[in-house]
1. I'd like to check something: does region 322-332 contain any residue that is outside the structural domain of GLN53 (by TED's automatic domain parsing) and in contact with a strand residue (DSSP E or B) (Cβ under 7 Å, 6 or more places away or on another chain)?
2. Looking only at region 1-37, how many residues end up being in contact with a helix residue (DSSP H, G or I) (Cβ under 8 Å, 6 or more places away or on another chain) and not in a loop (DSSP other than H, G, I, E, B)?
3. Of all residues in region 330-371, count the ones that are of a type in the set (D, E, K, R), touching a residue at least 40 places away in the same chain (Cβ under 8 Å) and surrounded by fewer than 20 Cβ atoms within 10 Å (Cβ to Cβ).
4. Taking the criterion of being under 24 Å from ALA207 (Cβ atoms) and touching a helix residue (DSSP H, G or I) at 6+ places or on another chain (Cβ under 7 Å), would at least one residue in region 82-91 satisfy it?
5. Do the conditions hold for GLY280, that is, is it part of a loop (DSSP other than H, G, I, E, B) and crowded, with 21+ Cβ neighbours inside 10 Å?
6. Among the candidates VAL194, VAL254, VAL225, VAL264, which residue alone is under 30 Å from ALA335 (Cβ atoms), assigned by TED's automatic domain parsing to the domain that holds ASP18 and surrounded by 24 or more Cβ atoms within 10 Å (Cβ to Cβ)?
7. Go through region 38-47 residue by residue and tally those that are touching a residue at least 40 places away in the same chain (Cβ under 8 Å), in contact with a helix residue (DSSP H, G or I) (Cβ under 9 Å, 6 or more places away or on another chain) and either within 10 Å of PRO276 (Cβ to Cβ) or of a type in the set (A, V, I, L, M, F, W, C) (or both).
8. Any idea which of LEU170, LEU151, LEU157 is out of contact with any Pro (no Cβ under 8 Å at 6 or more places or on another chain), modelled with pLDDT of 95 or more and among the hydrophobic types (A, V, I, L, M, F, W, C)?
Amino acid sequence: MTADKTVTNFSFELHNTDGTARRGTVRTPRGDIRTPAFMPVGTAATVKTMYPQQVRDLGADIVLGNTYHLMLRPGAERIARLGGLHEFMRWPYPILTDSGGFQVMSLANLRKMSEQGVTFQSHIDGSKHELSPERSIEIQGLLGSDIQMQLDECVALPSTEQDIERAMELSLRWAERSNTAFGDQPGKAMFGIVQGGDIPHLRERSAKALTAMDLKGYSIGGLAVGEPQEVMLEMLSVTCPLLPVTKPRYLMGVGTPDDLLQSVGRGVDMFDCVMPTRAGRHGLAYTRRGKVNLKNARHADDSRPLDEESSCPATRDYSRAYLHHLIKCNEALGAMLLSWNNLHYYQSLMQGMRDSIEQNQFADFTDVTKHAWDAGDVAPIS
C-alpha cells in the first residue's frame, strides 16, 4: 500500500479550458486524479469481475464505494478494524464513497423519512437501520474514503415541483449537518450535492446555497433518474456555471459514453456509473466504433476481435465468436472479458478528452468520436 507523502491537503488545479470543457487535477495524499475522470464503481469493495490492478492498469485514478452496501455487509466498523477500505480491497489509491442515500431510496424497504434522517429495512435480511447526515459521514470516516458525500434525498423524475423543492431544501439542511460532522480532515474532502430535479430555478437555488458553504467539491445529483438526456444536459448548462471554477464538479451516476462526452463539454470533471461493468455482464461491448451486442447470433461465426487495433487484450485477442459463445453459455469469463473491454474503452475515452482539452481540440475530438459511433462497425465477417 502506497500513498503520495508529498501531498498533505486536498486541492484542485485547473490546467486548461476549451470552451466550457475543463482539464484539471484533483490532488490527494493517496494520489492525483486526472480530470475529466471516470470512476469505476466498486459497489461492495470490488469492481465486479475485475482485479484491482487491472482497474488501475486501465487508467483509473479513483474508484467509488457504496456506503449503503458496505454498512450492511460486511459493516463499516468491521472494515475499520481491518485497516479501512483501501487495505480491505487492496486499492491504495483514492476512493470516493457515496452517502448511501440513493440506495436507501431505491433499494430499501419500508423507509421512513424525517428531518433527522431516514430509517429503513435492509434489502438483504430485513434488519432495521437508521441513516442520518451525521451517521453517513461517520460510516464514510470508518471506511476511510478520501472523498465523502453529504446525505441527500434524490427523487425520481418526473416528480411534482412541490416534491422536488421539498427534497432540495431538505438536502441543503442535511448538507450543513454533513459538513459540520465532517469537520476538518486534512487531505480529505466532503462534496455537497446540487439537487432540484428538472426545474432550473431550484437547481440555481441549490447551487448558490451550497457554494456559500465553501465546500471542497460539488456534485450534481438527481439526474439520469428517468429524464431524457436533453433534460439532463439542460440542467448541467444551468448548474455548472454557478459552481466555483476552482472546485471539482462531479456528475453522479452518469452514464453512457455520449453522456460523458456531452457533460464534459458543459463543464463536468468527474463521473461514476455501473454501466460499463453491468453491460459487460449482459453481453454488451462498448468500442470506438459503437456498441456490439455479443448475444446476437450474427457473431457466432465471426473470427474478428472487437477491435484489432486496441491495446487491451480482452478487446484485441479474443474473437467475437468466442465472446458470443461465453455469453450464451453464461460463462464467468465472458463477463470478465467484456467488463475489461468496457472499462478500457471508458478510460480511453476519458484520456482522449483530457488530451483534446489540453490541445484546445475538444470540439474536433467530439465530432470525430461521434462520427465513428454513427458509422458503426460495418466491416464484413472475415
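The values are calculated or read from the model by the stated rules, or taken from the named source; none is laboratory data. Keep in mind that this is a model prediction, so the values were computed, not measured. With ideal geometry, Cβ positions are generated from the backbone for all residues, glycine too; neighbour counts draw on all protein chains shown.
1. no
2. Matching residues across region 1-37 total 10.
3. 2
4. Checking region 82-91: not a single residue is under 24 Å from ALA207 (Cβ atoms) and touching a helix residue (DSSP H, G or I) at 6+ places or on another chain (Cβ under 7 Å).
5. No, not satisfied.
6. Criteria check complete, one pass: VAL264.
7. 5
8. The match here is LEU170.
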